[in-house]
1. Which whole-angstrom value gives the distance between the alpha carbon centres of the range A:203-227 and the range B:194-225?
2. Please give the charge dipole size of the range B:114-216, origin at the Cα centre, charges +1 on K and R Cβ atoms and -1 on D and E Cβ atoms. Round to the nearest 20 debye.
3. Counting Lys and Arg as +1 and Asp and Glu as -1, each charge on the Cβ, what is the dipole of the protein assembly as shown about the Cα centre in debye, to the nearest 20?
4. Please work out the C-alpha center-to-center distance from the range B:82-144 to the range A:174-200 and express it in whole Å.
5. Tell me: how much accessible area in total is hidden between B and A, 1.4 Å probe, Å², nearest 100?
6. From the helices alone, meaning DSSP H stretches of at least four residues, give me the mean residue ellipticity at 222 nm for the protein assembly as shown, per-run term -39500 (n - 2.57), in deg cm²/dmol to the nearest 500.
7. List the relative contact order of chain A as a percent without decimals, with contacts defined as Cα pairs under 8 Å and 6+ residues apart.
8. Straight distance only, please: which aspartates and glutamates reach the Cα of A:Lys281 with their own Cα at less than 16 Å, same-chain residues fewer than 8 apart left out?
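The values are calculated or read from the model by the stated rules, or taken from the named source; none is laboratory data. Bear in mind the structure is a predicted one, so any value in this text is a computation, not a measurement. Don't worry about glycine lacking a Cβ; one is built from the backbone with ideal geometry, like all the others, and counts go over all protein chains shown. Heavy atoms of the whole protein, side chains included, go into the accessibility calculation; ligands, DNA and RNA do not. Shrake-Rupley method; radii C 1.70, N 1.55, O 1.52, S 1.80 Å.
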Amino acid sequence: MLDHSKADKITSDLLRSIRMNKSFVVWMGILGISLVICLYAYTIQLREGLGVTGLRDYVSWGMYIANFVFFVAASLIGMLISAVLGLSGQKWITPITRIAEIIALAFAAVAGLVIVSDMGHPERLLNVFMYGRIQSPIIWDVTVVTVYVLLSTLYLFIPLIPDLKICHDKIDNITPLQSKIYKLLSLNWKGTAEQVALVRKMIRAISIFIIPVAFGIHTVTSWLFASTLRVGWDSTIFGPYFVTGAFVTGCAGVIIAMYFYRFNYKLGDYLTDFHFDKMAKLLVLVSLVYLYFNLNEYMVPGYKMKKFDALHIHDLFVGNHALLFWAVQLGGLVIPIILLLFKKMRTPKPMLFIAIAVFIGAWFKRYIIVVPTMEHPFLPIQNVPLNFKIYTPTLTEVLINFAPFVLVLLIITILSKVVPIIPVQETIEEFEETHK
Amino acid sequence: MLRRKFNLKISISFLLITVLSIPAFAQGWDVPEAQKSKNSNVVFDAGATKEGESVFTKNCVSCHGNPGKGNFMKTLTPPPPDLAGDKTHNLTDGELFYILNTGRGVMPSFKNILSETDRWKAIAFIRSFHKGYVQVVSKTDPEKSKLVKINVSFDEKSNKVTVDVKANEKTGVVALKETEVSLFAKRRFGNLQIEKSGRTDANGVISFNFPKELPGDKEGNVELIVKISNEAYGEVESQSKMKLGIPTDVPSLTKERSMFNVMKKAPWWILITYFSGISIVIGFFIYMLLNLKKLFDLGKK
């Protein structure tokens, strides 16, 4: 027996956020202004060249590449939550899937732009297609990131088809054009058994297909480093090390987003404490795996202390980068794991702070992977000014690196204003199944 | 016994200190008198100065810095002088030319790196920073170098390369005696000097022992370069190809397919992997689009 009033309540609850309001306009205004400031910094770089950054001959991969790795990492969460957990039959993920997919799409779409900012003149990107070599991981990275962006778009769109129809039918305070777009995109959805079966089949296919691609995107990104001989990068576990690190980043991102949606969109009935508790446990699980990889990554060379490794490891453990290194490892990994073992900490508010710490830690972790290695080449650095030896990002560079974050927030903000952030159709179906 | 050992230690230390400090004392260049008065055939005009600047930028600037800017490599011992300075100003053209030719310590010899004209042009550029400098052009006739004929021959039995230097003067063929001759074999990354430079005998002839194991091209050909330097006839260079090396056929490193080659010569396995991956992806997207079309059509019913 269908509970119509309940289904209607779910629909109206979940569609409530799709409307213009004052806070949305203000928030978009803030993002817009921030973007203009960041773009102004970019025009300085275009005009003056990469010399306006802290990048020099030795540290030629700095904040930009760290940022790129971070963006690729954050985008992997869509695959983990929707595909891996979805295929393994976890029901609790239903209200989180779309949040994870939106985050994945936003970060993956912007990741490529981060690389373009590192190139100085953007038209240099064409060189990849004109002179690229298939033997280089760079070509594979460009390929696999593009594929992942397309797949993530499909992965967001296909489960959305029934919801788009609901949007068209149920939302009445939108313009006729918007309504038409909903209808067009809902591809004649009528909810017939055949259509339901077909959509389920497509979602299943894409869930399976996206797993190797997502592993590929971050493994290839790790190979950009691991296929060199440089200390700190010359590692056989870089692939899984990066992939698990990505899950940590993504989980933290999803928790922050969940907190925001729960309180701003008043979705407390859907994103419940139970969901937060589950996400906290997931974060602990992936963090433990990542911690294990960290142990391997630093313990093994740290035990052997080969000539050049020793230089690098000393710098990380007790040298110039020690403060950042330990802050990241303890504050971004060990302490969050310990805290989340307590039930009290697995509630929304403490989790928000823990997730923010993990998220920031994850960003600096990429910085710690990229920069110190570049400061330790095999050949001695001679007769160069101090700023060639020690990399310090400039304000312009920091602002340019901030732009992709603003873009991600813009994409997420706009998407969550035009589509229901929690799958409506699936939530109703699940409610019906549990209340038969 | 102890005392003797002690003395020995002191003596060795003293000797070491003395020997090590010699370079510090030996500041001046001992330029032979005959070389000091040598002058250039190249006139130091605006053109020569301009060309000299490019020679200077390529070969000298990394250590000496730009003349007058004081941006020379201060970390070298002894530090290379700023060539706009008085010390350089006071040297004769011949002295500068000698220093450039021979080199010493950190300063390399440019004799076999730059042609004589280029060396003089570099000096022309340096002179453009010296106020009040007036050039004395060499009285020797630069056209005379065109009369020089260099004949190179190889004797397989003794493995010797013989260089015969003559000049076709109007009065007849003259043997150029006491002429400095250097022999080089051209290699991939520069010229390999064969033995030391020497001087021709009374017949204008000099022989060099050629190494037996020098690899040549497929046929065993080696390109020889002979450089001569004569007071009256200047510097002349000749090149000839001779069969005096071991025939060697080394295939180019970029001939085979490999990871370090260009994309067209990438290994098959990586090409197959990449393009099958791409095909699978394209196939998948086509499958998904067809399904979306099907979904659309189902809704029409």
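1. 61
2. Dipole about the Cα centre, nearest 20: 360 debye.
3. Value, rounded to 20: 940 debye.
4. When both Cα centres are located, 85 Å separates them.
5. When B and A are taken together, about 2600 Å² of accessible area is lost.
6. Rounded to the nearest 500, the figure is -18500 deg cm²/dmol.
7. Result for chain A is 33 percent.
8. Partners within reach: A:Asp273.
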